[in-house]
1. Identify, by number, the condition in (1) touching a Lys or Arg at 6+ places or on another chain (Cβ under 9 Å); (2) closer than 17 Å to Val194 by Cα that Ala50 doesn't meet.
2. List the number of the failed condition for Pro198; all other conditions in (1) touching a strand residue (DSSP E or B) at 6+ places or on another chain (Cβ under 6 Å); (2) over 20 Å from His121 (Cα atoms) hold.
3. Yes or no: Arg92 buried (at least 23 other Cβ atoms within 10 Å of the Cβ), more than 20 Å from Pro182 (Cβ to Cβ) and not hydrophobic (A, V, I, L, M, F, W, C)?
4. Of Leu88, Leu102, which residue is hydrophobic (A, V, I, L, M, F, W, C), assigned by TED's automatic domain parsing to the domain that holds Val141 and out of contact with any Gly (no Cβ under 7 Å at 6 or more places or on another chain)?
5. Within region 144-171, take every residue that is at pLDDT 95 or above and in a loop (DSSP other than H, G, I, E, B) and give me the one that is farthest from Ser103 (Cα to Cα).
6. Return the pair list, or none, for Cβ contacts closer than 6 Å from residues in region 60-88 that are surrounded by 18 or more Cβ atoms within 10 Å (Cβ to Cβ) to residues that are charged (D, E, K, R) and not in a helix (DSSP H, G or I), at least 6 apart or on different chains.
7. Could you list all residues from region 123-170 that are of a type in the set (Phe, Trp, Tyr) and within 22 Å of Pro193 (Cβ to Cβ)?
8. For region 43-103, please list each of the helices (runs of 4 or more DSSP H) lying entirely inside it that holds at least 2 residues being of a type in the set (Phe, Trp, Tyr).
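The values are calculated or read from the model by the stated rules, or taken from the named source; none is laboratory data. What you are looking at is a predicted structure, and each value in this text was computed from that prediction instead of being measured. A quick note on method: Cβ atoms are made from the backbone with ideal geometry, for glycine too, and the neighbour counts reach across all protein chains shown.
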Amino acid sequence: MNRHANTRRRSARPAVGLRAGNLRRALAQEAARIMAQHGIHDFLTAKRKAAERLGVTDASALPRNVEIESALAEYQRLFAAGTHERSLTAQRRAALHAMHQLSQFEPRLVGPVLSGTATEHADIQLHLFADCAENVALQLVDQGVAHEITERRVRLDAERIKAFPGLRFAIENRRVEVTVFPRDGVRQAPVSPVDGRPMRRADATELAALLDAPVARA
C-alpha cells in the first residue's frame, strides 16, 4: 500500500483529543490534500470540507490560508514532486505564451502558477492594464482566440472590494483568467487572498527567468 493512500486514511480520522496547534495543522494538511486531489481552488471551501471530514465544528480552529498554502506546498513536494513540476512548467509556459500575445496590456502573472502551488487544473491568472476591457477583447478577436467576458471582485485593501471586468480563454489547453485594471492599476497590486499582503506580480521577463531556472516556488 502506498504512502499516498496511507496519508488519505490518516487524514480522514476524526480529530479527537488533538491540541489546538496540532488540530490546526491537521486541518491545514487535510485542506491541502483536498485541494491537490480534487481540484478545489477556494481556500474557504477546502477548509470547510476538511473540518467536516475531521469532525471539527469550532470555526476558530480553522487554519489560515497561508497555513494551507504551506501544507499544499509540502504535500506536492512529498507526494507529487515529479508530476507537479511538469504540470507547473507547462502552466508557466502557457502563461508566458498568453503574456506575449497580450504584451501591449503590460500583463502580470499572479496566483498559484506564479507562487508554485498550482494544482494540475488550476487557472492561469493574469492581470492586464488597459483603458477598457473591450480593447483586450478586440485583441483576442484579432488573434482568433475564443473568449468569454467575465467580472472579478478584487480586494484592494482591508476595507475596499471592487469589481473589475475580466476575460476567460484557453491557451495550450490551459484556462486563462484575466482581470483588466485601469492603466494606473499596475502601480498598486491588490491584496492577496492568501496572506493579506499586496499580491505578488511577475512580468514576462520575470516569468521567463523562472522557466530558465530549476522549478521552484516564486
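1. With (1) touching a Lys or Arg at 6+ places or on another chain (Cβ under 9 Å); (2) closer than 17 Å to Val194 by Cα applied to Ala50, the lone miss is (2).
2. Every condition holds for Pro198 apart from (1).
3. yes
4. Matching residue, one of Leu88, Leu102: Leu102.
5. That would be Ala146.
6. Cβ pairs passing all conditions: Ser87/Glu120.
7. Residues of region 123-170 that are of a type in the set (Phe, Trp, Tyr), as a first pass: 129, 164, 169.
If the condition is that a residue be of a type in the set (Phe, Trp, Tyr) and within 22 Å of Pro193 (Cβ to Cβ), then Phe129, Phe164 are the ones that fit.
8. Numbers: elements: 43-54, 65-79, 81-101.
Qualifying helices (runs of 4 or more DSSP H): 65-79.
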